[in-house]
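S.K.: My structure is below; once you've seen it, I'll send some questions.
The values are calculated or read from the model by the stated rules, or taken from the named source; none is laboratory data. Remember, it's a predicted structure, so these values are computed and weren't measured experimentally. Ideal geometry is used to build each Cβ from the backbone, glycine not excepted, and the neighbour counts take in all protein chains shown. Quick note on the areas: whole protein, heavy atoms, side chains included, nothing else; ligands and nucleic acids left out. Shrake-Rupley method; radii C 1.70, N 1.55, O 1.52, S 1.80 Å.
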Amino acid sequence: MTEPEVSIPAFRPFYLHLAPDRMVEDALRERISKVTAPEHVEEVLSGIWLTLVITIEDSSFRMLVGEFHAFREERGLPLSTENDTALQQFQRHLADPGNCREILAKYPVYEERFTTILRNMLAAWAEMFTAYAEDGAALRAAGLVAPGPDGEDPIVRAVATGSDAHNDNRQVFIVRLASGTRLAFKPRALDSDRFVRELYAAADPHLAHSLEQCIPLSVTVGSHGWQQFAAPRAMTEPDEPARYFYRFGALCAIFSAIGACDLHHENLTACGEHPCLLDTETMLRADITSLEPSLASTLTNQFKLSVVSTMLLPVANPQSHIDIDLAGAGATHAQQSKLKRPIVQDRESDGISVGWEHVVIEQSDNVPRLGDTRLSAVDHFEDIASGYTDALAFVRSDAVGKILDAHQGLPVRTVLRPTMVYGRFLDASSHPNYLSDPAEAKRLFGLVSRLPDTVAPEAAAFVADQEHAALNTGNVPLFLTWSDSVALATHRASYPGYFEMTPDDAARLGVSLNGDRSDRYHRFLLEELLSELIGDDDSAGLSSHSVFGRQALADAEAGGWWRSIAGTLSDLSVTHEGPDGTESGWLGGIGPDRGAPTVTAGDFISFHDLGGIATFLGRAARQDSTLGDAARAADRGLTSMLGFRDDFLLETAESAFTGASSLLLTRPSEVDTDWLERILGRTAERAASGDLVTDLANGPAGPLMVLLSHVEHGTAEVPLGAERLGSLADLVLSHRDGLDEAAWFDIAHGGLGLRWATARIGRVLGDPSLAREAADWLVARSESGEETPHHGWCKGAAGMLLASAEILASAGRQEWLTGRRLEALVDSATRLPAGRAVDLSVCHGSSGVVQSLIATARILGDTSLLERAHAYQEQVLGIARAHGFFTGARGRSSLPGYMLGWAGVGDTDLLLHNASGTASEGAPIPVAFTSKG
């Protein structure tokens, strides 16, 4: 056999001490010789030996680098990257088996672990060669090898794929036969492949393009299986990509409905015009979630049993350790993670050391190509949507249920944690501290993140024990169940009753839930997820394909757009029949920088986010009675979700947009006494602890502004006496000089917002000096020469216009905001981008401008501003049609919420529709924190 090439030649004697050539000879030569062409036996043996040695190197180099430097220092040799004197001496030192044994004695964890790993790896290879010798008839019957007698097509090459090691260090092997045929040996039964092929066959009559070749041929023999090797292959004809992405869309629809998961980039290969699924062990999923009937449970189940959870399409989750796109759809560019891995530096010198580098992932086999050009799913959105929609007809038939009936007892892999998490712990376990001390090694593996609180302590202990046993022998833990079972098992042990729902039951629920949702709902999820692939330089993203665009946008007119937006939002809802009638909630994104995934399970219910949908639909229903059912369902749904998410909102109780106080904007016609008391109590706690946020958007100034509006206009009873209202005002006033980090004109987060609040406090609570102080501050800042470069409400000219109008009117100095000053602010606020997509959002974009113009018109009694708002909205529509749109975040065209989404866009257009010529009365305007115009 050929001596293995390694990365650190000086350490090779140690590697070969652990894995000498005779180890491979004794264990495998006889088995290999029976199934391998004679002229290739040595090559195959050498390849296996190399695999063992590389495995040792990857796990021991950190330990050996430390040993080398101890050796060097004992001999008084310098640390230098200019020579290798000490390293050569260390290599000769390792050539003595006694010295290797001495090193191993210092690291009992490593010695025990690798004795087991090497034994297991050799056994796994032996299992594969024995299987090939015995499985000839089955392979021929399945069409995996050509007809002929046993031994006619011997092995000429065998390699380990480098896939995760499971169940005693078994992994997938690839063999090449003398005929050129390549086969994948999988150390598990492939019953789930047959299940998928039957799904494909049943779906094909509903599809324009067959799925038959979207899974390799395979056969199961006992406890293992053989699969046709699926080689990635570029497309060559220009009409092939459309068919590829059509099929990909169909897979998304079918697999999401039955609860498939873990269909990441390594489990899919682009084989010409066929997205080919390589691994089917996670086609179904069991669930620990209780079947308690509620909207929250329905939303959670809809989320889990949807395309969001398949990993076929990208989902970014800031709370996850995984910060790169691993989706099966394929990322066309290299991605660098924040995660790091250990590497060797200066490996051939006496300065050898362990360093760290970022993990970089560059997907290849799963990325479809036309010739040499990598193809993005974004550019083929309509093809994906078409395949998905056609496959929904199959999902809505009774065929899936019949196939599930025929596959009772199907083995199902259960993914309790991402494999990448386990990989991080395996990397960490190669540190010498964990290899020398068994207690430290056990402590490390005990740090694997906790399971959900719904898991019983005994069940969690079972999982922890099985994880430790696997990780301690270099395995990625693999858990499984069966389609008709609620047990959780490994290849060694089982825990009964771990799950609440069998995979079969979950799949049937998923089929029902997905079948019940509209085609537009499914298209919306595709739009939300594929938006993650949009580059920062493409602000329009998928807007030309958006569920909120297309014909609805073409037909829209200022003040008349809101009705189609309301209809779309209603169609996207997820419903549950509650005790008082239908309840509605929404899956969807809430925008960036919020610590939330691309699509949430309907639980972000503040006004800023999904709660604002109920506000808009409620107002829309007062104009159009046909929206009444949708509005009432949304309101009941909000009430239901508040019962589950009240504690979450109270974490930042003081925020009028994202916290508990946002209910004052969500339901502007009422002030709930008990809820307000909880807000004030929590606000006092946060103030005492120093955690209180103090700006307008997220601090107590926001809710105070709304309460003062109620007091001023009598629109709702405010259950606070003058003393308590005054105390809240004093708290806000104490913050007005403390926001120096933000620009002065930042209304949401800077000084302008708090001066605006100061003016309203002075006006409503009868202290004119406060209004005068705010006006003086505003005039001084406005004349300082520092102007906002932005146009919208949050920190732009529109917000300045609105705040300035109320501050100056409160101080009796509105004449300052007339003529050229007023004209300049209005012109700046209504300036639109030339030749590029328009931001429609309330927070940063055009809808915030329109709301600010309407509110300012009411404050100043200037009806020309209403005319300006109407003309501006028409301009916005024209640009959106010509150049596209987004809602607050570049490339995001379908966010459903209020401040960064379509509820806000629709509500703004409705406000414009309702704006009267007198400009003195009107509905509440959220960006003005008013209960009445």
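S.K.: Residues D323, D287, D262, D239: which one is more than 19 Å from A201 (Cα to Cα) and without any contact (Cβ under 8 Å) to a residue 12 or more places away in the chain? Give the steps one after another, and end with the answer.
M.R.: On the way: D323 fails: without any contact (Cβ under 8 Å) to a residue 12 or more places away in the chain; D287 fails: without any contact (Cβ under 8 Å) to a residue 12 or more places away in the chain; D262 fails: without any contact (Cβ under 8 Å) to a residue 12 or more places away in the chain.
Residue meeting the stated conditions: D239.
S.K.: Is region 553-566 home to any residue that is in contact (Cβ under 8 Å) with a residue 60 or more places away in the chain, among the acidic types (D, E), out of contact with any Cys (no Cβ under 8 Å at 6 or more places or on another chain) and open to solvent by less than 10 Å² (accessible area, probe 1.4 Å)? Explain how you work it out, then say what you get.
M.R.: If we filter region 553-566 for residues that are in contact (Cβ under 8 Å) with a residue 60 or more places away in the chain, which is where we start, we get 553-554, 556-563, 565-566.
Checking which are among the acidic types (D, E) leaves us with 557.
Filter once more, so that each one left must be out of contact with any Cys (no Cβ under 8 Å at 6 or more places or on another chain): 557.
Applying the additional criterion that residues be open to solvent by less than 10 Å² (accessible area, probe 1.4 Å) yields none.
Within region 553-566 (the criterion being in contact (Cβ under 8 Å) with a residue 60 or more places away in the chain, among the acidic types (D, E), out of contact with any Cys (no Cβ under 8 Å at 6 or more places or on another chain) and open to solvent by less than 10 Å² (accessible area, probe 1.4 Å)), the answer is no, since none of the residues qualifies.
S.K.: Go through region 198-226 and count every residue that is open to solvent by 10 Å² or more (accessible area, probe 1.4 Å), part of a helix (DSSP H, G or I) and touching a Leu at 6+ places or on another chain (Cβ under 9 Å).
M.R.: Qualifying residue count for the region: 3.
S.K.: Show the residue pairs that are 6+ apart or on different chains and have beta-carbon atoms under 7 Å apart, the first residue being within region 390-403 and touching a residue at least 40 places away in the same chain (Cβ under 8 Å), the second being open to solvent by 50 Å² or more (accessible area, probe 1.4 Å) and in a loop (DSSP other than H, G, I, E, B).
M.R.: Here the result reads D390/A208, each pair linking region 390-403 to a residue that is open to solvent by 50 Å² or more (accessible area, probe 1.4 Å) and in a loop (DSSP other than H, G, I, E, B).
S.K.: Give the residues of region 366-393 that are touching a His at 6+ places or on another chain (Cβ under 8 Å) and open to solvent by 70 Å² or more (accessible area, probe 1.4 Å), sorted by residue number.
M.R.: Listed by number, the list holds a single entry, E382.
S.K.: Touching a Gly at 6+ places or on another chain (Cβ under 8 Å) and under 27 Å from L707 (Cβ atoms): is that true of A928 in this structure?
M.R.: Numbers: touching a Gly at 6+ places or on another chain (Cβ under 8 Å): no; under 27 Å from L707 (Cβ atoms): yes.
For A928, the condition - touching a Gly at 6+ places or on another chain (Cβ under 8 Å) and under 27 Å from L707 (Cβ atoms) - is not met.
S.K.: Ok, one more. Kindly list the number of the only condition in (1) surrounded by fewer than 16 Cβ atoms within 10 Å (Cβ to Cβ); (2) in contact (Cβ under 8 Å) with a residue 40 or more places away in the chain that fails for V175.
M.R.: (1)
S.K.: Restrict the check to region 40-62 and report whether at least one residue is of a type in the set (A, V, I, L, M, F, W, C) and farther than 30 Å from L177 by Cα. It would help to see each step written out before you state the result.
M.R.: Filtering region 40-62 for residues of a type in the set (A, V, I, L, M, F, W, C) gives 41, 44-45, 48-50, 52-54, 56, 61.
Filter once more, so that each one left must be farther than 30 Å from L177 by Cα: 61.
Yes, some residue in region 40-62 is of a type in the set (A, V, I, L, M, F, W, C) and farther than 30 Å from L177 by Cα.
S.K.: Checking the condition within 25 Å of S539 (Cβ to Cβ) and outside any strand (DSSP E or B), which residue from A882, A857 passes? Walk me through how you get there before you give the answer.
M.R.: On the way: A857 fails: within 25 Å of S539 (Cβ to Cβ).
Answer to the check: A882.
S.K.: In addition: Look through L509, L471, L478 and report the one residue that is farther than 28 Å from L447 by Cα and either in contact (Cβ under 8 Å) with a residue 12 or more places away in the chain or open to solvent by 10 Å² or more (accessible area, probe 1.4 Å) (or both). Reasoning before the result, please.
M.R.: Working: L471 fails: farther than 28 Å from L447 by Cα; L478 fails: farther than 28 Å from L447 by Cα.
Answer to the selection: L509.
S.K.: Kindly indicate the residue of region 135-149 that is in contact (Cβ under 8 Å) with a residue 40 or more places away in the chain and either assigned to a loop (DSSP other than H, G, I, E, B) or of a type in the set (D, E) (or both) and also surrounded by the fewest Cβ atoms within 10 Å (Cβ to Cβ) among those meeting that condition.
M.R.: The residue in question is G143.
S.K.: Hey, can you tell me all the residues within region 17-35 that are without any contact (Cβ under 8 Å) to a residue 60 or more places away in the chain and either touching a Gly at 6+ places or on another chain (Cβ under 9 Å) or hydroxyl-bearing (S, T, Y) (or both)? Give the derivation first.
M.R.: Initially, region 17-35 is screened for residues without any contact (Cβ under 8 Å) to a residue 60 or more places away in the chain, giving 20-22, 25-26, 29-30, 33.
Matches in region 17-35: S33 only.
S.K.: Of all helices (runs of 4 or more DSSP H) completely enclosed by region 549-659, which ones contain at least 3 residues that are touching a strand residue (DSSP E or B) at 6+ places or on another chain (Cβ under 9 Å), among the charged types (D, E, K, R) and over 14 Å from D907 (Cα atoms)?
M.R.: Values: elements: 550-555, 562-571, 611-623, 628-650.
Of the helices (runs of 4 or more DSSP H) lying wholly inside region 549-659, those with at least 3 residues that are touching a strand residue (DSSP E or B) at 6+ places or on another chain (Cβ under 9 Å), among the charged types (D, E, K, R) and over 14 Å from D907 (Cα atoms) span 628-650.
S.K.: Looking only at region 517-543, which residues are polar (S, T, N, Q), touching a Ser or Thr at 6+ places or on another chain (Cβ under 9 Å) and farther than 18 Å from F303 by Cβ?
M.R.: Just the residues of region 517-543 that are polar (S, T, N, Q), to begin with: 518, 531, 539, 543.
With touching a Ser or Thr at 6+ places or on another chain (Cβ under 9 Å) added as a condition, the list becomes 531, 543.
Within region 517-543, S543 is the sole residue that qualifies.
S.K.: When region 117-131 is examined, which residues are found to be open to solvent by 30 Å² or more (accessible area, probe 1.4 Å) and either β-branched (V, I, T) or closer than 20 Å to A178 by Cα (or both)?
M.R.: Initial filter on region 117-131 (open to solvent by 30 Å² or more (accessible area, probe 1.4 Å)): 119, 123, 127, 130.
Once the filter is applied, which keeps residues that are open to solvent by 30 Å² or more (accessible area, probe 1.4 Å) and either β-branched (V, I, T) or closer than 20 Å to A178 by Cα (or both), region 117-131 yields only T130.
S.K.: So which residues in region 770-798 are more than 38 Å from the chain's Cα centre (by Cα) and open to solvent by 50 Å² or more (accessible area, probe 1.4 Å)?
M.R.: First, pick out the residues of region 770-798 that are more than 38 Å from the chain's Cα centre (by Cα): 770-786.
R772, E773, D776, A780, R781, E783, S784, G785, E786 - these are the residues of region 770-798 that are more than 38 Å from the chain's Cα centre (by Cα) and open to solvent by 50 Å² or more (accessible area, probe 1.4 Å).
S.K.: Also, quick follow-up: Filter region 714-734 for residues that are in a helix (DSSP H, G or I) and either open to solvent by 70 Å² or more (accessible area, probe 1.4 Å) or free of Cβ contacts under 8 Å to residues at least 24 places away in the same chain (or both) and give the result.
M.R.: Taking region 714-734 as the starting set, the residues that turn out to be in a helix (DSSP H, G or I) are 722-733.
Across region 714-734, the qualifying residues are A722, E723, R724, S727, D730.
S.K.: Still on this model: Considering only region 455-476, state which residues are touching a Phe, Trp or Tyr at 6+ places or on another chain (Cβ under 6 Å) and not aromatic (F, W, Y). Outline the logic, then answer.
M.R.: Initial filter on region 455-476 (touching a Phe, Trp or Tyr at 6+ places or on another chain (Cβ under 6 Å)): 459, 462, 468, 471, 476.
Selection gives A459, H468, L471, V476.
S.K.: Any residue that is at pLDDT below 95, open to solvent by less than 30 Å² (accessible area, probe 1.4 Å) and under 24 Å from Q873 (Cβ atoms) - is there at least one of those in region 591-599?
M.R.: The answer is yes, given that some residue of region 591-599 is at pLDDT below 95, open to solvent by less than 30 Å² (accessible area, probe 1.4 Å) and under 24 Å from Q873 (Cβ atoms).
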